[in-house]
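Student: Just passing along the structure, written as structure tokens.
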Amino acid sequence: MKKNWLLLVILFSLFFISSPIGISQVNATVLDDFNRPNGSIGGNWTVQSGSFNIVSNAVQGGPSALATYNSLSSNVLEADVTSTGTSIQYEALVLAYANLDNNIFIKVQTQGGGTTFTNAACYQGNNGSTSTFGLGFFNLTAAFTTAHMRAAYDPGTSSVTITFSNIDGGSGTQQYVCTGAPSTGGSGVGIGAYNIASGTLDNFAADVVAPNTVTSVPTLTEWGMIVFIFFAGLGSVYYLRRQRRVKS
């Protein structure tokens, strides 16, 4: 009975230690909230095309503007996007940036003089300067004025998942997947915009992990081995003592 109990303790400990319970995942970190005086974008940005201005603690860009965030690589970007006015406008998140023609360019856009975002696109290059992929230029399932936009690039499946949440301040969500994402040879990230006088982007964020971080804490597999060896040792001691009692 004691032997069975000990075996159950070992198995339970291994399961618990190697389970993902309590493991924290990397969350998007806001890198720029644009809360600074009106003027050029400044900050940690390099403007690659067009220009960007801070307007009322958000950013506007154009014409066909693109800026990259310095010294950052990430496969997931987020931002708050808002349509303002009736002119054609788009806001974009840029992944895998190598140069203006080689990047993954994900945008949401107004169309036909309306005041709401009605379309989105999956492009290679600044506003599709090279090609389209996946859904290309497509209609949204429902138009909106403002939303939290997330673009997640998976190099393993060559796909980009686009998620719009907090739509018009509510709980609505829209999600789209663009397959066939190109290999651009780059890893930079940034933003894009079309109309310097319309549309805003705010709270630029990315999923980031500090590079070259070394930790002395054992990994889950190592912890599992430590617990297994500990209880296996206890089991061996128990077995030897039991054998001695039987012989005596």
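The values are calculated or read from the model by the stated rules, or taken from the named source; none is laboratory data. Just so it is clear, the structure is predicted and the values come from calculations on it, not from any experiment. Heads up, the Cβs are rebuilt from the backbone with ideal geometry, glycines too, and the neighbour counts pull from every protein chain shown.
Student: Of all residues in segment 147-201, how many are among the aliphatic types (A, V, I, L, M) and modelled with pLDDT under 95? Before the answer, list the steps.
Tutor: Our first condition is that a residue be among the aliphatic types (A, V, I, L, M); within segment 147-201, this holds for 147, 149, 151-152, 160, 162, 167, 177, 181, 189, 191, 193, 196-197, 201.
Restricting the remaining residues to those that are modelled with pLDDT under 95 gives 196-197.
Residues in segment 147-201 being among the aliphatic types (A, V, I, L, M) and modelled with pLDDT under 95: 2 in total.
Student: In segment 162-183, what residues are aliphatic (A, V, I, L, M), within 17 Å of the chain's Cα centre (by Cα) and either closer than 10 Å to Met149 by Cβ or outside any loop (DSSP other than H, G, I, E, B) (or both)? I'd like the intermediate steps shown before the answer.
Tutor: Step one: of segment 162-183, the residues aliphatic (A, V, I, L, M) are 162, 167, 177, 181.
Still in the list and also within 17 Å of the chain's Cα centre (by Cα): 162, 177, 181.
Selection gives Ile162, Val177.
Student: For segment 29-40, check the following and say yes or no: at least one residue is among the charged types (D, E, K, R), over 12 Å from Ile191 (Cβ atoms) and either surrounded by 13 or more Cβ atoms within 10 Å (Cβ to Cβ) or modelled with pLDDT of 95 or more (or both).
Tutor: In the first step, residues of segment 29-40 are kept if they are among the charged types (D, E, K, R); the result is 32-33, 36.
Still in the running and over 12 Å from Ile191 (Cβ atoms): 33, 36.
If we keep only those that are either surrounded by 13 or more Cβ atoms within 10 Å (Cβ to Cβ) or modelled with pLDDT of 95 or more (or both) as well, we get 33, 36.
Yes; the residues of segment 29-40 include at least one that is among the charged types (D, E, K, R), over 12 Å from Ile191 (Cβ atoms) and either surrounded by 13 or more Cβ atoms within 10 Å (Cβ to Cβ) or modelled with pLDDT of 95 or more (or both).
Student: Further question: Considering Phe117, Phe133, Phe144, Phe137, which residue is hydrophobic (A, V, I, L, M, F, W, C), in contact with a helix residue (DSSP H, G or I) (Cβ under 8 Å, 6 or more places away or on another chain) and on the phi < 0 side of the Ramachandran plot?
Tutor: On the way: Phe117 fails: in contact with a helix residue (DSSP H, G or I) (Cβ under 8 Å, 6 or more places away or on another chain); Phe133 fails: in contact with a helix residue (DSSP H, G or I) (Cβ under 8 Å, 6 or more places away or on another chain); Phe137 fails: in contact with a helix residue (DSSP H, G or I) (Cβ under 8 Å, 6 or more places away or on another chain).
Answer to the selection: Phe144.
Student: Could we say that Ser131 is touching a residue at least 12 places away in the same chain (Cβ under 8 Å) and small (Gly, Ala, Ser) here? Walk me through it before giving the result.
Tutor: Numbers: touching a residue at least 12 places away in the same chain (Cβ under 8 Å): yes; small (Gly, Ala, Ser): yes.
The answer is yes for Ser131.
Student: Which ones in segment 39-55 are outside any strand (DSSP E or B) and under 13 Å from Ile196 (Cβ atoms)? Explain how you work it out, then say what you get.
Tutor: Of segment 39-55, the ones outside any strand (DSSP E or B) are 41-44, 55.
Of everything in segment 39-55, those that are outside any strand (DSSP E or B) and under 13 Å from Ile196 (Cβ atoms) turn out to be Ile41, Val55.
Student: If you scan segment 134-161, which residues turn out to be part of a loop (DSSP other than H, G, I, E, B), more than 24 Å from Ala58 (Cα to Cα) and touching a residue at least 40 places away in the same chain (Cβ under 8 Å)? Full working, then the answer.
Tutor: Filtering segment 134-161 for residues part of a loop (DSSP other than H, G, I, E, B) gives 145, 155-158.
Keeping just the survivors that are more than 24 Å from Ala58 (Cα to Cα) gives 155-158.
Residue satisfying the conditions is Pro155 alone.
Student: Determine which member of the set Ile17, Ile21 is out of contact with any Phe, Trp or Tyr (no Cβ under 7 Å at 6 or more places or on another chain) and either modelled with pLDDT under 50 or of a type in the set (Lys, Arg) (or both). So that I can check it myself, show each step before the final result.
Tutor: Working: Ile17 fails: out of contact with any Phe, Trp or Tyr (no Cβ under 7 Å at 6 or more places or on another chain).
The conditions single out Ile21.
Student: Please state which of the following conditions Arg245 fails to meet, knowing it meets all the rest: (1) part of a helix (DSSP H, G or I); (2) at pLDDT 95 or above; (3) of a type in the set (D, E, K, R).
Tutor: All conditions are met except number (2).
Student: Okay, moving on. Restricting segment 60-92 to residues that are among the hydrophobic types (A, V, I, L, M, F, W, C) and in a strand (DSSP E or B), which is surrounded by the fewest Cβ atoms within 10 Å (Cβ to Cβ)?
Tutor: Restricting attention to segment 60-92, the residues satisfying the condition of being among the hydrophobic types (A, V, I, L, M, F, W, C) are 65-67, 72, 76-77, 79, 81, 88, 92.
Subset that is in a strand (DSSP E or B): 65-67, 76-77, 79, 81, 92.
Numbers: Ala65: 25, Leu66: 25, Ala67: 23, Val76: 20, Leu77: 27, Ala79: 27, Val81: 27, Ala92: 31.
So, considering only residues that are among the hydrophobic types (A, V, I, L, M, F, W, C) and in a strand (DSSP E or B), the one surrounded by the fewest Cβ atoms within 10 Å (Cβ to Cβ) is Val76.
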